Each structure stands twice: as structure tokens, then as C-alpha cells.
Amino acid sequence: MNEQSNRLLIAGNWKANGSLAMIEDWGAGFKAPEGLDALVFAPAPYLRHAADRIAGAAVGAQDLDDVDDGAHTGCVTARMLADIGCRWTLAGHSERRQAGESGVLVGAKLARAAAAGISVVLCVGESQAEREAGRLEEVLRSQLDEGLPAAWPAGVEIAIAYEPVWAIGTGLAASAADAQQAGAWIRSCLAGRGADGKIRILYGGSVKAGNAAGFVGQPDIDGLLIGGASLEAGSFSAICAEVLA
Ligand code: 13P
């Protein structure tokens, strides 16, 4: 963890999973950890219910649309998220990028969220083919350039999640050394932006209890973004306990 950072940020991304019953179990089973910031990104229909039922973790959205309120059937606006008390969102998850979302659109969404007072975890990461072609640094820099605002917004946090596409949901986590190498590169790309020493950089991709501590032990990794292992409060709590130990 970067010594200038305040605290570890341990976040779960439920993706398109969850139910009212699951949220009841999650809220009942979660032991709110002291000494780190816990956050879960819930599906939009469950945001309010999850916020009501989960103590000790903030609840954030997984995405928003780049539109104002109005004639945009099916869209979720930043104002709506702020209105229900949502204070965090993801932007640019690779599953959204794979669905056709451009880096420029990711940047527009981030700017809208920030303008509405919503903090953002911007996801970046390379595919296996990009990694093998030696394009890791170029891909990360371009995703950061497209995603981050030119003027750093006041009053909201922007964190970066490094999620190599090949490590997501595969059980093949990056090594802690690979995560650190990418984290250091991201940190160098952030120099001069915002309060650069304080920007939290998370690692995501097949994190579970057993490998979590190795990531946050790296100087340029300040937290985790956890998919599958966040679906049960017990495994998410175990990861929180591991990184605090
Ligand atoms: P897994 O932890 O299931 O690999 O998912 C990572 C992820 O995509 C979190 O956003």
C-alpha cells in the first residue's frame, strides 16, 4: 500500500448477480471491518435495498449512462444515482468495454458521475493478446487518458482498478509482482493529476482469500476489486480480515 494513501479500499463487484434474498444474507453475514474502506457494487435495481441492509460497507453502482434525465428509455442517470444516496460507481469495467463501450464514452460517464458528486472506480486493463504483444503500458496509458478528466473534480474520489482481462473470472490471478508493475506504471501516468500520491490503485482479477494479502502488500496497490469472491459475505469478510492481518 502506498504510504501516502489513507486506507485500503476493498470493493466487491457483484456484476449481474444478486437477489433480495441474497442481500438479506449478505447484510446479516458481513462483519464490518475496522481500518479499511469496504464497498460493494450492486446491480442498479438493488442499490437502495443493499444500502438499507448492509452496514459497514458503502454501496455503489456498476455503471451509469452518459445522458441527462429525459427521453432515454432504460437509462440510469448520475442524478438518479445521487438522488438515492449512491456515492460510488464503477466506470469502464472490461465487461462494459467488451460490450462495445469506447474509452471516450467511459470518460464521459466518469465526468457525469463526478459532476453529480459520485466517486468513481475507473477500471483499466489489458487483454491477453495485448499483453503478449508487449502493449501493456500503451493500453493502460490510453485507457487512463481517455477515462480521466482534464480538470480533477473537487469533492469526489477517483480510484483506478487494474484488472487484466485475462485474470477476470478465470482463476488465473496476476502475480503480485505483475500487479505491482502495472500499479507503478499507472501511478507514473497519474503524476501531476489530482492529488496523485493519494489516488488509490486497486487490483482485480481472481482475488480470493489466500492471495489477497500478497496484492495489498505491494507499494502501488491500495486495495482490491473482487468479483466472484464478493458474492458471499463470508468470503468477502475473509478477504477483509486477511488484508488487515
Ligand atoms: P473475479 O474476481 O471474479 O475474477 O472478477 C474480477 C472483476 O471483474 C471485478 O470487477
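The values are calculated or read from the model by the stated rules, or taken from the named source; none is laboratory data. As the structure is a prediction and not an experimental result, all values here were calculated from the model. FYI the Cβ positions are ideal-geometry reconstructions off the backbone, even for glycines, and counts take in every protein chain you see.
Brief remarks follow.
- Within region 82-113, the set of residues being more than 12 Å from residue 149 (Cα to Cα), among the aliphatic types (A, V, I, L, M) and touching a helix residue (DSSP H, G or I) at 6+ places or on another chain (Cβ under 7 Å) comprises 84, 91.
- Apart from one condition, residue 43 fits all of (1) in contact with a Cys (Cβ under 7 Å, 6 or more places away or on another chain); (2) at pLDDT 95 or above; (3) not β-branched (Val, Ile, Thr); the exception is (1).
- Cβ pairs under 8 Å, 6+ apart, first in region 174-194 and on the phi < 0 side of the Ramachandran plot, second of a type in the set (Lys, Arg): 185/141; 189/141
- Taken together, 235, 188 contain a single residue that is assigned to a helix (DSSP H, G or I), of a type in the set (S, T, N, Q) and within 12 Å of the ligand (Cβ to nearest atom), which is 235.
Each row is one residue, and each column tells you yes or no for (1) surrounded by fewer than 16 Cβ atoms within 10 Å (Cβ to Cβ); (2) closer than 30 Å to residue 175 by Cα; (3) touching a residue at least 40 places away in the same chain (Cβ under 8 Å).
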{"site": "62", "(1), (2), (3)": "no, yes, yes"}
{"site": "69", "(1), (2), (3)": "yes, no, no"}
{"site": "102", "(1), (2), (3)": "yes, yes, yes"}
{"site": "128", "(1), (2), (3)": "yes, yes, no"}
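- The lone criterion from (1) under 18 Å from the mean Cα position of the chain (by Cα); (2) over 21 Å from residue 157 (Cα atoms); (3) surrounded by fewer than 14 Cβ atoms within 10 Å (Cβ to Cβ) left unmet by residue 145 is number (2).
- For region 6-43, a tally of residues being among the small types (Gly, Ala, Ser), under 16 Å from the mean Cα position of the chain (by Cα) and surrounded by 14 or more Cβ atoms within 10 Å (Cβ to Cβ) returns 4.
- Residue within region 159-177 that is within 13 Å of the chain's Cα centre (by Cα), more than 10 Å from the ligand (Cβ to nearest atom) and small (Gly, Ala, Ser) present: yes
- If you go through region 191-226 and keep only what is part of a loop (DSSP other than H, G, I, E, B), crowded, with 22+ Cβ neighbours inside 10 Å and within 13 Å of the ligand (Cβ to nearest atom), you end up with 205, 207.
- Number of positions in region 167-190 that are among the aliphatic types (A, V, I, L, M), closer than 18 Å to residue 142 by Cβ and either modelled with pLDDT of 95 or more or crowded, with 23+ Cβ neighbours inside 10 Å (or both): 3
- Tallying residues that are in contact with a strand residue (DSSP E or B) (Cβ under 9 Å, 6 or more places away or on another chain) and touching a residue at least 40 places away in the same chain (Cβ under 8 Å) within region 112-126 yields 8.
- Scanning region 34-54 for residues that are in contact with a helix residue (DSSP H, G or I) (Cβ under 7 Å, 6 or more places away or on another chain) and farther than 20 Å from residue 159 by Cα yields 46, 49, 50, 53, 54.
- Filter result (more than 16 Å from the ligand (Cβ to nearest atom), outside any helix (DSSP H, G or I) and within 17 Å of the chain's Cα centre (by Cα)) within region 66-108: 86, 87
- Every residue from region 128-156 that is within 14 Å of residue 190 (Cα to Cα), part of a loop (DSSP other than H, G, I, E, B) and not hydrophobic (A, V, I, L, M, F, W, C): 149
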